[in-house]
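Right, one structure below, let's go through it.
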Amino acid sequence: MIQIIIILVSILAAIGLTILYPWAGLIFLAIILVLLLMKMAKPGKGGNKVEFKMKGSGSSGKQYRPFAVGHGREEGRERAQKGWLKYWLGKSLEWGIVIILIVGIIYGGWFLITTQFYKKGTAQAEQLGIGARISSLWEKVKNPEAWASEYYSFKNPEATEQVVKKGITFNNLQSVRPYYYNKDKIEILGDAHIDAIEETPSKVVFSCKDDENNVGKILIYGVSEDLQEQQEVNVNENMDINFKCEIDPKENSLSGDITQTCEEQGGVFCNRGDISKRCNGEWVVSSDFDNCCRGSCVSATTGEKITSTGSELSKKVSNNEIKYKIVYIIAEYKDFITKSDLEVCSISRQELNKNKDLYQKKEENAQCISGCGLTRLQIKTSKQPLSEDVVYPLIIGLVNDADWYGKISKVNSIDVDIPRSFDLKGNCKESINNQISSVNEQINKSTEEKPRLNPFQCDFQLTDVGDKLKCSIVEINAKYNYIVKGSSVIEIVNKEKP
Amino acid sequence: MKKVLVLLLILFFVSGCLGSLGNTQQPPDVAYKRGIDINFKTSENQPPMQIGVNRDFYVSFDVINYAKYELSGNILIYDNWGEEYGNVQDGTSLSLEGESGFIGKKQTVSFGPFRYTDKKLANKNSNIIAEADVDNYPVEIDSSVRVKKSGSSMSSNLLLQAGMLGREASNAPITIDKIEVNQINLPNTNDVNLDLIIYFKNYGGQINNDDKKIENFNIDLIGGNSFDCKSYNEKDKFLVFKDKKDATIICSTSVDLGEQEYRDYPLKIKFSYPYKISKEISIKII
């Protein structure tokens, strides 16, 4: 009987707690439920059998002993069966639940007494918000998703720009012959699919070369009948093209002084037959070995500088009969224009100080207007809305898409079109031109596959800011070259054709 | 054990039923339309939900006054774009008749034509805001308080809910939600100390001054002494609604019941405030 009273009081306390702090109350209620279910489900096990018996049930079974897990020899046997750690963890859990139960009863009881809601009648109860809280609880039982929205600060998903990737993909690059002798004309066939960027007709120039900078001529089929060595393709719609790349080593001679060693010419040994290496400079002829790179020899994958001694590697390669050469097919978008804009909203400082909530209202992502798909043109400024008394940065980022095939090969221009109320500080145009030179230098020097280009920045201040929130549009046009490479590895028999 | 579980479940659901029971006892606030309302005439394409650049369009809306007094002020219309884009911006004075029923007096206001002129706005949204500024929104509440000689020094509580404060309290956008009356009978005298805890609530819109403050507040217990009023919480400024939706004040006075066992005192409360309400509609520029 006592146990039933304890349970009923606990449940009432849980309900009281639920009214005041729904989460805590429900957790408490859940613990009681779990506890009851555990007691119901606990299987009989010899002397440790625990049963919940209603008094007068007529059964000869054992009386309910709360949390009884055994005594004396039985307890020792259980501890031995379960293991020391498991046994005490179980014990701690049980007593933890008991403590929570007691605290819940005390807290719930305290709530009932201190609020005196049972004394003051319905008017007072209403004033305390009891009815409303219970009603609110019931509403949440009916709409469980309301819990999440109330108890967790649910952040709106970041409105990132969803740009469909466009551009060129090379397929089926293959050599016409299985291997070539030294100084043979190399021929590679392949096809490419071009996803047009509808609103931005673009010009793509195709070319090919090998890893020794021997430039080939490319013949393109499927676009026009006039074949050129360096093909320009106007891309207005999606298209598939076939091409052939021919590289004749006889037409490509390396620079350098054959009487000087590689080192004397400022070069290092870099094994041209090894596709894992790349010359970050130019190939030159030298008196000591063929594989002289004027610049630095870097790992093709990591960009890390390789400092192997040339003589050992030179011997190793010269003894090999087969070496490998990489042929690159290059498609370069020339003067491609991407246009993005950013809504910039402003309000007077006086109004902004009155209403700080305005800060949360504005979405601050740039939107791509045209030429979207190859890169991302980002525009950022300070947290909006802006006001009249601060100089703000206007940051423009031209970003290589990490998971797309190509990369920016040269930035040609960045044009900033600002609203009338913007007062650009300093000479923004000149400053951006300087930054473009610096970024192009960064592109040329970088050994990374897709370098993260430094952003461009101008500062501005707002004039004509009113007491109402007003927005304007900052539009940026970025003109750049974008390169997509395909490659094929061919085998070269390291001797002249018999 | 099963019985206990059944009992537990019954208790759980009874708690839910109690909640809905409590709800029905609350004053039916939602039944009242409050203050001023603005309804855009989108059904008449004013404004249209989509508008092309360099196309004319109009904006019309009904302004509805639910107060029984005539209200005057201004009506403004504006959007979120600057002038260089050909924005929406206009305004006129407002004079709204009062009404004695519950439907409200309606006045239709039209503005236009407007035209967005910059192609940069293509695919952007325009948020058009209509704002009604009322110079003075008056609220007058007539009620009564029964003061009893209880013969003891114990305080007694009486609650005047919104429904008991008259239609004006229920119709005003920023109004008294309820009044809690506490009386303390001073021993061996006929004097009774009376504390009125007055709960104000903002149901929408805002007080149109910098502090969002009700400046003209007057409370009078006819036949009693004058009230001394202050904020219920010392840290709060008196009847200032800045950054919050409610305010509570406490007004104290004392009355002499003489030889009477009880007496009903008429309670008159008057206050007014400059009031502003705005409605926003978003249209797509194509």
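The values are calculated or read from the model by the stated rules, or taken from the named source; none is laboratory data. Not measured: the values here are computed from a predicted model. Because the Cβ atoms are built from the backbone with ideal geometry, glycine has one as well, and the counts that use them run over all protein chains shown.
Any residue at all in the stretch A:478-489 that's at pLDDT 90 or above and in contact with a helix residue (DSSP H, G or I) (Cβ under 7 Å, 6 or more places away or on another chain)? No, the conditions are met nowhere in the stretch A:478-489. Regarding the stretch A:419-428, can at least one residue be identified that is away from chain B (no Cβ under 14 Å), without any contact (Cβ under 8 Å) to a residue 24 or more places away in the chain and not in a strand (DSSP E or B)? Scanning the stretch A:419-428 turns up at least one residue that is away from chain B (no Cβ under 14 Å), without any contact (Cβ under 8 Å) to a residue 24 or more places away in the chain and not in a strand (DSSP E or B).
Can you pull out the residues in the stretch A:459-478 that are touching a Ser or Thr at 6+ places or on another chain (Cβ under 7 Å) and either assigned to a strand (DSSP E or B) or of a type in the set (D, E, K, R) (or both)? Working first, answer last.
Residues of the stretch A:459-478 that are touching a Ser or Thr at 6+ places or on another chain (Cβ under 7 Å), as a first pass: A:462-467, A:470, A:472, A:476, A:478.
Matches in the stretch A:459-478: A:L462, A:D464, A:D467, A:K470, A:S472, A:I476, A:A478.
The rows are residues; the columns are (1) in contact (Cβ under 8 Å) with a residue 12 or more places away in the chain; (2) among the acidic types (D, E); (3) more than 30 Å from A:S421 (Cα to Cα).
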residue	(1), (2), (3)
B:L71	yes, no, yes
B:G82	no, no, no
B:L96	yes, no, yes
B:S100	yes, no, yes
B:I103	no, no, yes
B:T108	yes, no, yes
B:V134	yes, no, yes
B:Y137	yes, no, yes
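For B:I103, the conditions (1) of a type in the set (A, V, I, L, M, F, W, C); (2) within 15 Å of B:S282 (Cα to Cα); (3) within 25 Å of the chain's Cα centre (by Cα) are fulfilled apart from (2). Filtering the stretch B:56-85 to residues that are in contact with a helix residue (DSSP H, G or I) (Cβ under 6 Å, 6 or more places away or on another chain) and modelled with pLDDT of 90 or more leaves only B:Y85. Residues in the stretch A:446-456 that are more than 12 Å from A:V298 (Cβ to Cβ) and modelled with pLDDT under 85 were compared, and the one that is surrounded by the most Cβ atoms within 10 Å (Cβ to Cβ) is A:P451. Which residue out of B:I38, B:I64, B:I77 is in contact with a strand residue (DSSP E or B) (Cβ under 6 Å, 6 or more places away or on another chain), within 14 Å of chain A (Cβ to nearest Cβ) and part of a strand (DSSP E or B)? None of the other options fit; the residue is B:I77. Is it true that A:P393 is away from chain B (no Cβ under 14 Å) and in contact with a strand residue (DSSP E or B) (Cβ under 9 Å, 6 or more places away or on another chain)? Answer is yes for this residue.
In the stretch B:4-27 there is no residue that is at pLDDT 50 or above, closer than 30 Å to B:S95 by Cα and surrounded by 14 or more Cβ atoms within 10 Å (Cβ to Cβ). Residues that are of a type in the set (A, V, I, L, M) and modelled with pLDDT of 70 or more within the stretch A:256-284 comprise A:V268, A:V284, listed in sequence order.
Which residues, counting only those in the stretch B:173-224, are basic (K, R) and within 22 Å of B:K268 (Cα to Cα)?
First pass over the stretch B:173-224, keeping only residues basic (K, R): B:178, B:201, B:212-213.
Once the filter is applied, which keeps residues that are basic (K, R) and within 22 Å of B:K268 (Cα to Cα), the stretch B:173-224 yields B:K178, B:K201, B:K213.
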